[in-house]
Each structure stands twice: as structure tokens, then as C-alpha cells.
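Accompanying notes for the structure given below.
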Amino acid sequence: MGVEESVAAAPPVETGGRAQLARRAGVVSAAVLVSRVLGLVREQVFAVFFGAGRELDAFITAFRIPNLLRDLFAEGALSAAFVTTFTWRLEHEGEAAAWRLANLVVNALAIVVGTITLAGIWLAPALVTAIAPGFADIPGKVELTVTLTRIMFPFLLLVALAAVAMGILNTRHIFGVPAAASAFLVQVPSLWRVGFRYRPLLALRDPGLRQVARLMAPATIGAAAVQVNVFVNNNFASYLGNGPVSWLNVAFRFMQLPIGLFGVAIGTVTLPLVSRHGARGDTRAFRATVGQALELVALFCLPAAAGLALMGVPVIGLIYEHGRFASRDTAAAAQALAGYALGLAGYAGIKVLAPAFYALDDARTPMRVSVLSMATNYALNWLFVRRLGFGHVGLALATSAVALGNFGLLFVVLRRRIGGFGQAAAVARIALATAVMVAVAWGVDAGLAGALPAGRTLRHALRLAAVVPVAVAVFWGVCRALGVAVPGLRRRGRA
């Protein structure tokens, strides 16, 4: 299933085009936006009633345990391994063989993940102690976290099944329903329409099922870096008293919005394309698709990162600074957000590059890079927190440094393997437009500082209402002046 350059007449480049990638990513982004907004509302309610203290720390930690497994087994490694193998079988053996593989994966997954779920409920005390050992110093915190962990673990099974359904629909270029669905059954009507019929099959020696498992094993580690690093951060933060775990969670919650809107969305629509190019041996189309996807990541993530770093206080304050969540918490979370924002492009870029390796039948390279990045993250956390005393901000900086390093290594290796992507000039222009945007936005924000009212919520809202539209207009205007192709606008001189 590797990609090989043909010596004969090259096939036409079938990428779907940058505009088509943007349109499909827009469908996923819209669905992700709804999910992220509802998640922010949930977090806001928690902040109002509990503040950044014992109860919220316990809930966040409990939720992260099954959530990590979801990212690793369900929405990360499984999606990449299944889509790659399903696409290859569809291209080479036809629909009947592809549907048989889908049934085999669903049934094997139900057995494996169901067993993991039961084990997780039983081992909840040990998991909590390992992830947040500092909680033992605060009476009742460990017990509360264990109870919440056991309540939330069963959702892992349904989410794992939903990931298979999402993979099937994405290969058929259906992105809206799976992106919006949070449970498996919501996708069943769409699965039926594209031809899937459930069959109680189980054949552990099936070559396709074994191929999915072979890709998943290293891909699980390859997809683990960001979430495992968040867990390591949680471990370090648990020793910093009440608050840092919640501050980091609030900051990363805001990071998840652009990661989901841009990184996950672009990676989701890119994976079926590069899997098809890999199955057909079309290197030129593969290279063009990855390059277009990375340019879209830069176009959206560079200004988003700059905006989050610059406007962290009013963004967080407007949503969270109510009830027991005080201005001190807003400032601390905004500092962490600025640290996380430095690595936003790296986070999103990994969502594109890691699946590209899986489409090349290579899950080992992302695995090796991730193992290195996890060790590096631990070393940087120790340096920033224990030696330099940066506190929770040091944890965010370490995570960003690791994400950028992970992306850089994957980029270099993939470029050596399939050739250059030809997007450097476009990314440089996007970076310049971002710099101009930051300068203008900072000037507007500074000029308004003395004219805004003292009320916290109103002040935050007015800052955002004044600065964000100006920043967006300046960025798009400079992009257009520099000839950057922006979805919805026209490149100077040509579409």
C-alpha cells in the first residue's frame, strides 16, 4: 500500500483541489464548532458553581482518563488505521470485501474496548493515583475523582464504535453527520444509505483486520503525544495546589476550538484523499494534497494562535469570570493560553502529517517521533517547573515546544520521502499578514485601555467587540494584498 512514483505516463493529479479541501473542512468545522461551543457552555457552568478548586480539578482529571483512551484507540489510531485499510480494500477488492472488513472491525472492537472499559472501572483508584498523585494531600479529592472516573468510563465503547462509522462515511465523502455525531446510533441511517449492513462476523486471522491491528499498534503511540503530555502536565500541576489543573484545562479548552475547527477538520478530509492516492500509487497527488492541507493549517492557525495569545484575558474572562471563578483565575488561565498558543500550528499540523504516514503504510515513524517527544516533554516540564519555577505556564510552554518539535520532525521525514510541498512562500506571506494583524490589534487594544468601563464582563466584551473585527479585517486585507489564496476571496490576478 506504499506510494511509488511511476516511470510511465503519470496519472493526472487527483487532489480535489485546495478549494474543495477547504469546503469539506468547512463542513467538519461547522459541526465541530457546535460541539466546542456546547463544551464551553458546560465548562462555564462548572466554573460558576465550583470555581477553580477541588471539585473541578477532580472532574477534569476523571474525564481525562477515558478521554485519553478515546483519542488513542477510538478517534486517533483507529480512524487512521481503519480508513487507510478500508480504502485500500475498496480500491483493490471491491465493496463486498470492504463491508466485510468493516463488520470484522466493529465486532472485534466491541470485544476489546468493552474489556478495556470494565478494566478501567475496576482499576480506577490506581489510575487516579498514578495520574494525580498530588491529590492525596487534599482530603477527599482522590475518592471523588475515582467515583467520577467510574461513572464516565463506559462512554468509551460507544465513541469507539462511532469512530469506525465516521471512517466509513468519510471514505464516501460524507463529513457533516459523523463530525456532528457523538454516539454511534446517530450515524446508522447514513451508514445504511452508503451500503453498510451489520453482520455478526469474527475472523481474527482476516488479513484486513490484521492490517488494521498492525497499523493501530504503533499508531496508538504515534497519536498519543499531545494527550499523554497533557497527562504528564496534570501530574506536575497536581503538586502546585488548587487551581493550576483548572487553569490549564480552561486554557487548553480554548486551544481545542481552533485545533478542532482547523487541524482536526483539515486532517479528517485529507485522510481519505491521501489514502486513495496511496492505494493508487499516485505520489504527485499525494504530495499536492498534503501541501494544500498544510497551507490551510497555516492560513487559519497562525492568526488564531496570535489572537488567543493577545486577547486571552478578555476571551477567558467573558466566558468564565463569573461566580467563584475570579479575575486571578482569568489572568492565570490566560498566561497558560499564551503558552499553549505558541504550539497551535504544530498541534494542527500533526493532525495532517501523522495520517499521511499511515496512508504510506508507515505507522512506525510517527510512533518513534512521539516516543521521543514524550520523553522531551517530561524533561522540559522538570526544567521549567522544578528548576526554573515557571509554574503552570511552564507546563504549557513545554507542551507547545514538544508539539512544534513533533511536527518539525514529521515534516522533514515526509518531505525526504515524497519530495517538497512547495508551500513555503505562501506560509511566509501568511506569517507576515499575521504579524501585521498583531501590531494593529495590539495598538487598538492599548488605545482603548483607558476608555473602557470598570465592569469586568462589559469590559471584556467591549475589548473583544472592538479588537476582533479589526484584526480579522486587517489579516484578510493583508493576505489579499500579498496574493494569499483565501477561501471566499480571489487571488490577485486569478481565482
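Numerical summary
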read-out	value
Cβ-defined net charge surrounding Ala124, 11 Å radius [Lys, Arg +1; Asp, Glu -1]	0
Relative contact order (%) - criterion: Cα under 8 Å, at least six apart; region: region 394-493	27 percent
Dipole of the chain [Lys/Arg +1, Asp/Glu -1 at C-beta], most positive-end residue of Ile111, Ala251, Trp99	Trp99
Ratio of the Cα radius of gyration of region 77-223 to 2.2 N^0.38 Å, where N counts its residues	1.22
Separation between Cα centres of region 331-361 and region 399-451, rounded to whole Å	12 Å
Loop-located trypsin sites (Lys or Arg not before Pro) in region 314-384 whose Cβ has at most 13 other Cβ within 10 Å (DSSP)	Arg324
For region 352-358, Karplus couplings with θ = phi - 60° (6.51, -1.76, 1.60), whole Hz, Gly/Pro x	8, 6, 4, x, 4, 5, 5
Dipole of the chain [Lys/Arg +1, Asp/Glu -1 at C-beta], most positive-end residue of Ala163, Met311, Val28	Val28
Karplus (6.51, -1.76, 1.60) ³J(HN,Hα), θ = phi - 60°, over region 209-215, in Hz, Gly and Pro reported as x	5, 5, 5, 4, 5, 5, 6
For region 218-307, the spread of Cα positions along each principal axis, largest first, Å	54, 34, 13
Coil-residue trypsin sites (Lys or Arg not before Pro) of region 270-309, DSSP, other Cβ within 10 Å capped at 15	none
Calculated from backbone phi, Karplus (6.51, -1.76, 1.60) coupling profile of region 277-292 in Hz, x at Gly/Pro	4, x, 5, 8, x, 9, 5, 4, 5, 4, 5, 5, 5, 4, x, 5
Exposure ranking of Asp206, Asp361 by accessible area [1.4 Å probe, largest first]	Asp361, Asp206
Residue among Val274, Ala425, Val352 farthest towards the positive dipole end of the chain, charges placed on Cβ	Ala425
Shape call, region 343-495: gyration tensor on alpha carbons, a/c limit 1.5	oblate
Rounded to the nearest 10 Å², the accessible area of His322 at probe 1.4 Å	50 Å²
Per-q log10 I(q)/I(0), the chain, q = 0.11 Å⁻¹ (Debye; single scatterer per alpha-carbon; no solvent)	-0.95
Calculated over region 401-491: convex hull of Cα atoms, volume per residue (Å³)	138 Å³
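The values are calculated or read from the model by the stated rules, or taken from the named source; none is laboratory data. Just so it is clear, the model here is predicted, and its values are computed rather than measured. For neighbour counting, all protein chains shown are included, and Cβ atoms are generated from backbone atoms with ideal geometry for every residue, glycine included. These accessible areas exclude ligands, DNA and RNA; they are computed on the full protein's heavy atoms, side chains included. Shrake-Rupley method; radii C 1.70, N 1.55, O 1.52, S 1.80 Å.
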